[in-house]
Amino acid sequence: MKLALIGFGQAGGKVVDEFLAFDDAIDGGFVESAIAVNSATTDLKGLERVSEENRVLIGQARVKGHGVGADNELGAEIAEANIDELQGAIDRIPIHEIDAFLVVAGMGGGTGSGGAPVLAKHLQRIYTQPVYGLGILPGTDEGGIYTLNAARSFRTFVDEVDNLLVFDNDAWRSAGESVEGGYDRINREIVERFGLLFAAGEVREGDHVAESVVDSSEIINTLSSSGVSTIGYASETVETGGGLLSSLTGSDDAFDDGAATNRLTSLVRKATLGRLTLPCDVGSADRGLVVASGPPSYLNRKGVERGRQWLEDETGSMEIRGGDYPITDRDEVGTIVLLSGVTDVPRIDQLQQVAIEAQETTEDVRATAEADFASLMDTGGELDALF
């Protein structure tokens, strides 16, 4: 699937940078173009792989390259005011070569959470290709303002894209990690899951062709239900070179159909019932897609089909697709499970409730502060101001 990636804000730019590295590492070929948009100069300079010409600084007249300070209303205003500049960068994308746009943003900050929905709305108005969002939710310990930003951005973003893929930082934090190290690891987790999904089906000269090909239409059809989607992933290291055990026993799991089938079925269950990018009730999914990846000899149609049937039973949906994505030089067999149109998502309910409380608290604090200031400055008319 050929994508035009647009990272909006600090988190969005870093994730797009990581997507470029991953695409290169697996020779996936799914990134057709990559753009990073920000209102802060330093964030754009910190990127390593997005080309200089595709780093777009917006809002210079308002914020002078210093960012919007977690004010996502300002982020939205700046994006709207600079839409022509954004379009100039998009005009460099070979539109006839792409299958979809993917707008990536952290939803707790200012520039990305405010600007990404504005850009998505603009893309929907002009192009016929699907516009997907990849929204990254902040952790619950990051503060009320980031939760409020994320809740308001979520409500807006999900209405402006064909489907919103969500990654919840809160479900992926590890105790004792440094902030920088934690975000770097999380970005890699994001990119591996979504990258393997979008890379599936891209075949180059000399590649192994999948037994059951997953092409862009399979992904597009799975995401066509709109709403919110989540991804599960599970993998297992395999011996790709015929190790000591196989030489002693004269057997090789790579050509054992029974073992390959059982492994794939088990991995589909682990991916579905393990840690999803956005935890949810699997049974609430409207559609689904199963993709098996790894060395070709470890993949078989029966394993994918059994995994697909199991997911069909779990979700109660008749629209569960499946296929495989051979990667010759990988020493892992993995399964990606895409669940689209999920509706039973406790994290979103919690996010919105906390945001409502934060909004009410903010309004109360603001009203109290205004009253206290008026009281502080009240001299009973006995003291006049200079002018």
>> Return the Rg/Rh ratio of the chain with Cα-based radii and a Kirkwood Rh.
In response: 1.06
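Multiply the residue gap between HIS96 and ASP349 by 0.36 nm, knock off their C-alpha separation, and tell me the result in nm, one decimal place. Show your work: numbers first, answer last.
Values: separation 253, 0.36 × 253 = 91.08 nm, distance 3.91 nm.
Length difference between fully extended and current span is 87.2 nm.
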>> Over the chain, with a Gaussian network built from C-alpha contacts below 10 Å, which listed residue (ASP344, ASP141, ASP170) shows the highest mean-square fluctuation?
In response: ASP141
> What does the highest-first list of 128-138, 285-295, 213-223, 72-82 look like by mean Cβ count within 10 Å?
Replying inline: 285-295, 128-138, 72-82, 213-223
> Which whole-Hz couplings ³J(HN,Hα) result when phi for each residue of the stretch 43-56 is put into the Karplus expression 6.51 cos²θ - 1.76 cosθ + 1.60, θ = phi - 60°, listed in order with x for Gly and Pro?
Replying inline: 5, 5, 5, x, 6, 10, 10, 5, 5, 4, 5, 9, 9, 10
> What accessible area per residue, rounded to a whole number of Å², is obtained for the stretch 1-60 using a probe radius of 1.4 Å?
Replying inline: 37 Å²
>> Which residue fluctuates most in the GNM of the chain (Cα springs below 10 Å): LYS121, LYS270, LYS45?
In response: LYS45
>> Charges on Cβ only, +1 for Lys and Arg, -1 for Asp and Glu, centred on the Cα centroid of the chain; of SER266, ALA171, GLY380, which one is farthest towards the dipole's positive end?
In response: SER266
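Expected output is a single nm value to one decimal: the length gained when fully extending between GLU239 and ASN221, i.e. 0.36 nm times separation in residues minus the C-alpha distance. What is it? Display every interim value, and only then the final one.
Details: separation 18, 0.36 × 18 = 6.48 nm, distance 3.48 nm.
My answer for the length gained is 3.0 nm.
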>> Net charge around THR222, counting only other residues with Cβ within less than 10 Å of its Cβ (Lys, Arg = +1; Asp, Glu = -1)?
In response: -1
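Take every Cα pair under 8 Å in the chain that's 6+ residues apart, average their separations, divide by the length, and report that relative contact order as a whole percent.
Answer for the chain is 15 percent.
Determine the sum of side-chain charges near CYS280: Lys and Arg each +1, Asp and Glu each -1, restricted to other residues whose C-beta is under 14 angstrom from that of CYS280. Before the final figure, lay out each step's value.
Details: positive: ARG275, ARG287, ARG347; negative: ASP168, ASP170, ASP281, ASP286, GLU314, ASP344, ASP349.
Surrounding charge for CYS280 is -4.
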> Roughly how tilted is helix 111-126, in degrees to the nearest 10 and between 0 and 90, from the longest Cα axis of the chain?
Replying inline: 70 degrees
>> Under the 0.36 nm per residue contour assumption, what length would be gained going from the current alpha-carbon distance of TYR127 and ASP84 to full extension?
In response: 14.0 nm
> Which three extents, in whole angstrom, do the alpha-carbon atoms of the stretch 290-387 cover along their principal axes, largest first?
Replying inline: 90, 35, 18
>> Need one number: nm distance between label points at SER51 and LEU273, each 7 Å from Cα along Cα→Cβ, rounded to one decimal.
In response: 4.8 nm
> ARG62 versus ASP331, label points 7 Å from Cα toward the beta carbon: distance in nm?
Replying inline: 5.0 nm
> Given Cα pairs under 8 Å that are at least 6 residues apart, what percent is the relative contact order of the stretch 27-91?
Replying inline: 31 percent
>> Of ILE327, LEU44, SER226, which is farthest towards the positive pole of the chain's charge dipole, taken about the Cα centre with +1 and -1 on the beta-carbons of Lys, Arg and Asp, Glu respectively?
In response: ILE327
> How large is the charge dipole for the chain, taken about the Cα centre, if only the Cβ atoms of Lys, Arg (+1) and Asp, Glu (-1) carry charge, to the nearest 20 debye?
Replying inline: 540 debye
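Quick one: putting +1 on the C-beta of Lys and Arg, -1 on the C-beta of Asp and Glu, what dipole do you get for the stretch 1-139 around its Cα centre, in Debye to the nearest 20?
Numbers: 10 positive and 19 negative charges, 64 e Å.
Value, rounded to 20: 300 debye.
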> Spin-label point model (7 Å from Cα, Cβ direction): what's the ALA259 to ALA171 distance in nm?
Replying inline: 3.2 nm
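For ALA369 and GLN309, FRET efficiency with R0 = 56 Å and r from the beta-carbon atoms, rounded to 0.05?
Working: r = 60 Å, r/R0 = 1.07.
That pair, GLN309 with ALA369, gives E of 0.40.
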> Helix 144-160 versus the longest principal axis of the chain: what angle, 0 to 90°, nearest 10, using Cα atoms?
Replying inline: 60 degrees
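The values are calculated or read from the model by the stated rules, or taken from the named source; none is laboratory data. This one's a predicted model, so the numbers in the text were calculated from it and none came from an experiment. Cβ: placed from backbone, ideal geometry, glycine included. Neighbour counts: every protein chain shown. What goes into the accessible areas is simple: the full protein's heavy atoms, side chains included, and nothing from ligands, DNA or RNA. Shrake-Rupley method; radii C 1.70, N 1.55, O 1.52, S 1.80 Å.
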